[in-house]
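Below: one structure, written as structure tokens.
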Amino acid sequence: MPAAPLPENEAERLAVLRRYNILDTDAEQAFDDIARLVAHICGTPIALVSIIDTTRQWFKAKVGIDVSETARDLAFCAHAILQPDELLIVPNAPDDHRFADNPLVTDAPFIRFYAGAPLVTSDGFALGTLCAIDQNPHEITPEQKAALNSLARQVVSQLELRCALQERTEAERSARESENRFRAMLEAMHEGVVFQDVHSTIEVCNRRAEEILGLSAAQMEGRDSLDPRWRIIHEDGSPYPGEMHPSQVCLRTGKPQFNALMGVHQPNDTLRWISVNATPMFRDGEAQPYATLATFADVTERKQIEDLSEQQMVQIAEYSVMLEGQKLELECQKEELEAANTLLRALAITDGLTGLANHRHFQDRLAEEFRRTRRYDLPLSLILLDVDYFKKYNDAFGHPAGDVVLKRVADLLKCAARETDIVARYGGEEFAVILPETDSIGASVLAERIRESIAEAVWDKRKITVSVGVVSVRLTSENGAELVEQADQALYTSKSNGRNRVSVYRDDDLMTAA
């Protein structure tokens, strides 16, 4: 039985499929309805929405069968996606050399008739098929073909709508997180902050602004700088015209304003002196500000100090000594906080067990090194390695013993790698080493050195070995994700050939080293 060849764009097709995030999801009414409609229109007992994965075909919707997936090598749909512009019609499978000895033909469900319409995305990738299947041979009418094609397009529309909704949900979540961070930053500021639109109307303020001005956010929102209720004065007690407010000047001129001193009467007639800065906000390509961000500090005490007598100044000096002590204490707390933040940032990019770079940091660094490689035409290689039979080790000796192995492997990797290499725990018992400015020869040598150092090390329970895959950037390489996939293919080859060996990815040919 000849298996269907892989499409020429298989790597890109699989990447697009992952983007849709559809595999192994629960049944959905929209897809089930289309499958039932296909069975009715084509007069077949079986209808499927079939998605072609790396080694399997998985059914998003199914009518007439209970299984949720089959091997890709057996799939009629794997042949159908090779001709994305037309239906694949098989009137009688035993008469077709491609399927005559297929187990799905010779055994249950005893397929005879098959009609499959490829599910082609807007960018031209066939993700699977919408197909009708019968245990009896027959033909399909032009009207049925047209209906099958139309419904296949509806399946793709549903997939794209589903993907768009997921992306929108993620975007909304990110927007909420950004707003929450912005709000948290505002509330943490010691200065009052107000965001004013192009008409100088207040849209957002923080709690410190409420405290300084003696107004709630609800009372401030909607007011502009010209509102007479502000009752603003100069240092000499004369009215401070609203049109001279720093936010108004900033909006008119497009230039930031600094350290404007003014007195503001709170609703209870308490006078607060504030120092105001205003910064214009511009949209890309526009010369006129669309808003301003005004910040102001309460300088009432400083202003009062400036008016004190000499005797009062002596008292203030004593008070200042106490404040300096408090300031020093705050600075110490600030240093402790900065140290804690530095530790948190390190923890965010570090694997907690091994101390290596974690998966997220690995992805960021690989993307960064790939861009640098392309910009400066430098070599770049990647090593993926997997601890052989690690699950059996855990089952035999327990997870604490397995953790000891992972940490020891991590230490051996760090010893073997150079300072410029990036060593990461890719996940589980899998590790990765990014080799900047290293060609395939150098990467292969290092990979073999790593394999030997682990195989020859003294282990507590039993000998530990690793399988290794190596890949280097080529002219056709598109991104870091492609390198990972190719290194993973090489790693799979090492495992398939008996483990404890190194395999190097060479386009479509994998070279294995003992």
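Some observations on this one:
- Only listed residue being more than 27 Å from residue 8 (Cβ to Cβ), surrounded by 15 or more Cβ atoms within 10 Å (Cβ to Cβ) and of a type outside the set (Asp, Glu), chosen from 440, 494, 453: 453
- Residue under evaluation residue 171, criteria (1) in the same structural domain as residue 126 (by TED's automatic domain parsing); (2) hydrophobic (A, V, I, L, M, F, W, C); (3) within 24 Å of the chain's Cα centre (by Cα), criterion not met: (1)
- Look at (1) touching a residue at least 24 places away in the same chain (Cβ under 8 Å); (2) more than 19 Å from residue 490 (Cβ to Cβ) and you find that residue 458 fails only one, number (1).
- Only residues that are assigned to a helix (DSSP H, G or I) and surrounded by 15 or more Cβ atoms within 10 Å (Cβ to Cβ) were counted across segment 220-243, and they come to 3.
- Listed by first and then second residue, the pairs with beta-carbon distance under 8 Å, at least 6 apart or on different chains, first residue in segment 20-38 and farther than 13 Å from residue 64 by Cα, second part of a loop (DSSP other than H, G, I, E, B), are 23/53.
- The set of residues in segment 244-270 being part of a helix (DSSP H, G or I) and within 26 Å of residue 285 (Cα to Cα) consists of 246, 247, 248, 249, 250, 251, 252, 253.
Residues are listed down the side, and each one gets a yes or a no for (1) within 27 Å of residue 168 (Cβ to Cβ); (2) in a helix (DSSP H, G or I); (3) not hydroxyl-bearing (Ser, Thr, Tyr):
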| site | (1), (2), (3) |
| --- | --- |
| 5 | no, no, yes |
| 8 | no, no, yes |
| 13 | yes, yes, yes |
| 22 | yes, no, yes |
| 31 | yes, yes, yes |
| 40 | no, yes, yes |
| 79 | no, yes, yes |
| 84 | no, no, yes |
| 89 | no, no, yes |
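- Cβ-Cβ under 7 Å pairs, at least 6 apart or on other chains, segment 275-290 side among the aromatic types (Phe, Trp, Tyr), far side surrounded by 15 or more Cβ atoms within 10 Å (Cβ to Cβ): 282/289; 290/281
- Restricting 412, 435 to residues that are in contact with a helix residue (DSSP H, G or I) (Cβ under 6 Å, 6 or more places away or on another chain), surrounded by fewer than 21 Cβ atoms within 10 Å (Cβ to Cβ) and among the hydrophobic types (A, V, I, L, M, F, W, C) narrows the list to 412.
- Just one of the numbered conditions (1) more than 20 Å from residue 27 (Cα to Cα); (2) β-branched (Val, Ile, Thr); (3) surrounded by 21 or more Cβ atoms within 10 Å (Cβ to Cβ) is not true of residue 46: (1).
- Hits in segment 407-455 (condition: touching a strand residue (DSSP E or B) at 6+ places or on another chain (Cβ under 9 Å) and hydroxyl-bearing (Ser, Thr, Tyr)): 420, 426, 438, 440, 444
- Count of segment 31-44 residues which are more than 7 Å from residue 132 (Cβ to Cβ) and in contact with a helix residue (DSSP H, G or I) (Cβ under 7 Å, 6 or more places away or on another chain): 4
- Options 85, 96; residue that is out of contact with any helix residue (DSSP H, G or I) (no Cβ under 8 Å at 6 or more places or on another chain) and either in contact (Cβ under 8 Å) with a residue 60 or more places away in the chain or surrounded by 15 or more Cβ atoms within 10 Å (Cβ to Cβ) (or both): 96
- Just one of the listed residues (378, 382, 353) is surrounded by fewer than 21 Cβ atoms within 10 Å (Cβ to Cβ), of a type in the set (A, V, I, L, M) and touching a residue at least 60 places away in the same chain (Cβ under 8 Å), namely 353.
The values are calculated or read from the model by the stated rules, or taken from the named source; none is laboratory data. Predicted model, so just to flag it, every value in this text is computed and none were measured. As a convention, Cβ positions derive from the backbone with ideal geometry for all residues, glycine included, and neighbour counts pool all protein chains shown.
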